[in-house]
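Here you go, one structure.
The values are calculated or read from the model by the stated rules, or taken from the named source; none is laboratory data. Small disclaimer: the values here were computed from a predicted structure and weren't measured. Here Cβ is always computed from backbone atoms with ideal geometry, including for glycine, and neighbour counts include all displayed protein chains.
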């Protein structure tokens with residue numbers, strides 16, 4: 001079992017994009033990634049994404065909301081270009 005300090009640093013200085021982050025599995029992934037030090041970009045088409053961002057950021061994590069429907073492929077491409085401009089290099 002690893003100590004809590006190393007778990008907190010697992011994603012330190014990393015940007016993680018989580019889709020479907022307003023609820024369910026996506027939300028749990030976002031919460032866990034924040035607990036492990038990630039800077040998060042949470043994407044969902046639901047208005048609830050803003051509530052999730054507010055809750056996670058209360059814990060001191062850097063979190064950004066992108067409310068978008070990623071089903072059309074060009075939307076995903078456009079959002080990734082915008083995020084890479086804002087945050088730097090994105091690694092997939």
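Within the range 63-92, restricting attention to residues that are under 17 Å from residue 12 (Cα atoms) and surrounded by fewer than 16 Cβ atoms within 10 Å (Cβ to Cβ), which residue is modelled with the highest pLDDT?
87
Quick one: in the range 16-48, of everything that is in contact (Cβ under 8 Å) with a residue 40 or more places away in the chain and within 18 Å of residue 78 (Cβ to Cβ), which residue is surrounded by the most Cβ atoms within 10 Å (Cβ to Cβ)?
Once the filter is applied, the top-ranked residue is 41.
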